[in-house]
1. Mind checking which residues of segment 34-85 are farther than 20 Å from residue 277 by Cα and either among the charged types (D, E, K, R) or touching a Pro at 6+ places or on another chain (Cβ under 6 Å) (or both)?
2. Do we find that residue 148 is closer than 22 Å to residue 260 by Cβ, in the same structural domain as residue 181 (by the TED database) and without any contact (Cβ under 8 Å) to a residue 24 or more places away in the chain in this structure?
3. Scanning segment 238-262 for residues that are farther than 19 Å from residue 169 by Cβ, within 11 Å of ligand 1 (Cβ to nearest atom) and not small (Gly, Ala, Ser), which turns out surrounded by the fewest Cβ atoms within 10 Å (Cβ to Cβ)?
4. Which of the residues that make up segment 277-303 are more than 10 Å from ligand 1 (Cβ to nearest atom) and either surrounded by fewer than 24 Cβ atoms within 10 Å (Cβ to Cβ) or under 14 Å from residue 70 (Cβ atoms) (or both)?
5. Going by what's in this entry, would residue 251 be described as touching a residue at least 60 places away in the same chain (Cβ under 8 Å) and among the aliphatic types (A, V, I, L, M)?
6. For segment 29-45, which positions are of a type outside the set (Val, Ile, Thr) and surrounded by fewer than 22 Cβ atoms within 10 Å (Cβ to Cβ)?
7. Residues of segment 226-245 being in a loop (DSSP other than H, G, I, E, B), away from ligand 2 (no atom under 16 Å from the Cβ) and of a type outside the set (A, V, I, L, M, F, W, C), which ones?
Amino acid sequence: MRKHKIAAIGGDGIGPEVISAGLDVLDACAKRDGGFALEVTHFDWGSDYYKKHGVMMPDGGADKLRSFDAIYFGAVGAPDIPDHVTLWGLRLAICQPLDQYANVRPTRILPGITSPLRHVTGPELDWVIVRENSEGEYAGVGGRVHKGLPEEVATDVAMFTRPGVIRIIRYAFELARSRPRKLLTVVTKSNAQRHGMVMWDDIAAEVAREFPDVTWDKMLVDAMTMRMTLRPQTLDTIVATNLHADILSDLAAALAGSLGIAPTANLNPERKTPSMFEPIHGSAFDITGKGIANPVGSFWTAVMMLEHLGENAAAARLMKAVERVTADPSLHTPDLGGNATTKQVTEAVMRAVEAENE
Ligand code: NAD
Ligand code: MN
């Protein structure tokens, strides 16, 4: 029996609700498969922990995660703590020391889900966004001086390093090569940001020579929002900076029907450290505790985690089960215009996993 050690961090708001649903579904996947088991350890880190201890996670928290095979993460963010404290104190405090430099966000329209784009029915939108996950405005370089005074100055330096850009562009080319269309779009803002973004463009052209079988093009990020909206079928794999891809992937999630569906993997592709899997959405405190959070993002995230663990049969079975359930509008949560609960969707997916015979 294969055993995988999972660290579960529900975090804040609906995070623990969707992670608990995801773990139930993963348990059903392991039982149905019969060849592996998940050994789950829970960590109560997040905003409640912060209110008690003054930190989002204990000292050396990221190091405690090193011995796991994967991390399954909910969301962070509380209405009464500044967002930069929760983000830097937990999510980035895990991603950065564990060098999870490739953030991978598949986007497509699942069966039964309607895109807000009236000309898009499904097959026209099938993307993977690769977000650089360690540099740019998130490198932590910058500061604020003369706070509150008329001469106040604040900076967030978008820092890029050659090795940091090479590794993410190369990862994106490899991913593009593994997909049927072998198509990559490199997004920058090299007209205005004339240092770091021009280096991105230069490195993209250099790395492209290693991948003559991949067709690639460049887009400025503002024009990219138009292309995603008006010509989604012209895109496949997309790579962009930490900040640009953060924004583009929320747009992508909305175009694919709901933020509540979209998954993410924070990968260390060399597998020197554990990777972290999380739904894209935040803690959604407007719906916390109501039992109506859409758990599909957390399930699709679980599919990515199973693939990473090498459990490809279980991953495929879970994805099919999720698609069977999204195809039924009576099992749509309110964000999709339905009135199903988290629990109803979760139980339906568990039943579908048990019934999948592939
Ligand atoms: P959000 O993703 O939490 O919510 C945006 C909107 O989408 C809300 O109306 C919410 O109800 C809805 N929504 C999100 N996920 C849903 C789901 N699974 N089912 C149904 N509806 C869903 O973003 P926000 O409102 O901008 O931020 C709330 C908090 O989350 C903030 O503190 C923010 O910093 C944090 N945040 C955290 C992460 C993360 O942990 N990775 C990501 C984004 C935002
Ligand atoms: Mn985001």
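The values are calculated or read from the model by the stated rules, or taken from the named source; none is laboratory data. Given the structure is predicted, the values throughout are model-derived calculations rather than measurements. In this analysis, Cβ positions are derived from the backbone assuming ideal geometry, glycine residues included, and neighbour counts consider all displayed protein chains.
1. Of everything in segment 34-85, those that are farther than 20 Å from residue 277 by Cα and either among the charged types (D, E, K, R) or touching a Pro at 6+ places or on another chain (Cβ under 6 Å) (or both) turn out to be 48, 51, 52, 59, 80, 83.
2. Against the criterion (closer than 22 Å to residue 260 by Cβ, in the same structural domain as residue 181 (by the TED database) and without any contact (Cβ under 8 Å) to a residue 24 or more places away in the chain), residue 148 does not qualify.
3. Across segment 238-262, the extreme among qualifying residues is 250.
4. 277, 289, 291, 301, 302, 303
5. no
6. If the condition is that a residue be of a type outside the set (Val, Ile, Thr) and surrounded by fewer than 22 Cβ atoms within 10 Å (Cβ to Cβ), then 30, 31, 32, 33, 34, 35, 36, 37, 39, 42, 43, 44 are the ones that fit.
7. Listed by number, the residues that qualify are 231, 236.
Results for (1) surrounded by fewer than 11 Cβ atoms within 10 Å (Cβ to Cβ); (2) part of a helix (DSSP H, G or I), shown as yes or no for each residue.
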residue	(1), (2)
148	yes, no
169	no, yes
177	no, yes
181	no, no
